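Presented below is the structure to which this report refers.
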Amino acid sequence: MIPPENNAEFVANMEEVLDVYEQPYNPSVPVVCMDEQPVQLTKDVHEPVDATVNHPERVDYEYERAGTASIFLFVEPLAGWRSVHVRERRTKTDWALEVAELLDTRYEDCEKVILVCDNLNTHTKGAFYEAFEPQRARAYARKIQFCYTPKHGSWLNIAENELSALTRQCLHNRRLGEIHILREEVGAWSQDLNSAQKGVDWQMKIDDARVKLKSVYPQIKY
């Protein structure tokens, strides 16, 4: 996405995200990036023909739509850890349930979790109150510190880059007609990367942004 020119709000949110990425690893206050993506489930109308010595596998161009699903991806860049879940929908409640599950397990003993995400209307503390009773919702809300990417700046979210890799490496040109199969495939993808402990080497710093994205910064007139 092309960032806007001379936009103070974009700059403020961008620098906040970049500042978070520069922080050293703190297991008590981990930085977690999340993003989500809709997926069209499709299945073959005609059974594919298995590969032979003389021919590769042959798949008919015709397919059948089998509904939709939503992928929720969380990545902890400095720990080289990812979690990918698939749900039928992506409502506020779905988002709250996914975040709560992580807060109750991997991040149970953390003081706080810094969550980098876009400002979609489902990504709010209020979502917890739509999924849980007030006392539990408040406990989750107190543990989350949101760091929103700016509008037209979703490329700043490491989780978006991870979703792009997931799409290319796991989903591209494949027909997955049932949600449980999709869950198995994305689960295997994340498990493979986690076992290799492949972290994320984010290169852009605030000083780099001030040079390379100079047009985004407001021109101060005295």
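Note that the range 60-205 presents 52 Å² accessible area per residue, ligands and nucleic acids not counted, probe 1.4 Å.
Straightening the chain between residue 194 and residue 108 buys 29.0 nm, computed as 0.36 nm per residue apart minus the Cα-Cα spacing. By DSSP, the beta bridges lying fully in the chain are antiparallel in about 70 percent of cases.
Within a Cβ distance under 14 Å of residue 203, other residues only, what is the Lys/Arg minus Asp/Glu net charge?
In short, -2.
Would you tally the net charge around residue 33, using a Cβ to Cβ cut-off of less than 9 Å, leaving residue 33 out, and scoring K and R as +1, D and E as -1? Could the numbers behind the result be given before it?
Details: positive: none; negative: 35, 76, 160, 162.
Local net charge: -4.
Maximal additional length on extending the residue 145-residue 214 stretch stands at 22.0 nm, based on 0.36 nm per residue less the C-alpha distance.
Counting only protein heavy atoms and a 1.4 Å probe, tell me what percentage of the chain's accessible area is made up of carbon and sulfur. Mind showing how you got there, number by number?
Details: 6190 of 12920 Å².
In the chain, the share of accessible area belonging to carbon and sulfur is 48 percent.
Helix 8-22 axis versus longest C-alpha principal axis of the chain: approximately 80°, rounded to the nearest ten. Ranking 196, 179, 211 by how far each Cα lies toward the positive end of the dipole of the range 175-222 (charges on Cβ) leaves 211 at the top. Electrostatic tally near residue 168: other residues with Cβ closer than 12 Å to its Cβ, Lys and Arg +1, Asp and Glu -1, net 0.
For the residue pairs 143/212; 92/112; 112/205; 43/151; 125/214, alpha carbon separations beyond 30 Å are given by 143/212; 43/151; 125/214.
For the chain, the dipole from Cβ point charges (+1 on Lys and Arg, -1 on Asp and Glu) about the Cα centre works out to 640 debye, to the nearest 20. Helix 179-196 sits at what angle to the longest principal axis of the chain, using alpha carbons and giving 0 to 90 degrees rounded to 10? So the helix axis and the longest Cα principal axis differ by about 60 degrees. The Rg/Rh ratio of the range 81-121, with Rg taken over Cα atoms and Rh as the Kirkwood radius over Cα pairs, comes to 0.96.
In the chain, the calculated helix contribution to ellipticity at 222 nm averages -10500 deg cm²/dmol per residue, counting -39,500 (n - 2.57) for every DSSP H run with n ≥ 4. Restricting the range 123-205 to trypsin sites (Lys or Arg not before Pro) that sit in a DSSP loop and have at most 11 other Cβ atoms within 10 Å of their own Cβ leaves 174. Using the Stokes-Einstein relation with a Kirkwood hydrodynamic radius computed over Cα pairs, the translational diffusion coefficient of the range 1-154 at 25 °C and a viscosity of 0.890 mPa s comes to 135 µm²/s. In percent, rounded to a whole number, the relative contact order of the chain is 32, using alpha-carbon pairs under 8 Å and six or more apart.
The values are calculated or read from the model by the stated rules, or taken from the named source; none is laboratory data. Everything numeric here is computed off the predicted structure, so don't read it as measured data. With ideal geometry, Cβ positions are generated from the backbone for all residues, glycine too; neighbour counts draw on all protein chains shown. Please note that ligands, DNA and RNA were not included when accessible areas were found on the heavy atoms of the full protein model with its side chains. Shrake-Rupley method; radii C 1.70, N 1.55, O 1.52, S 1.80 Å.
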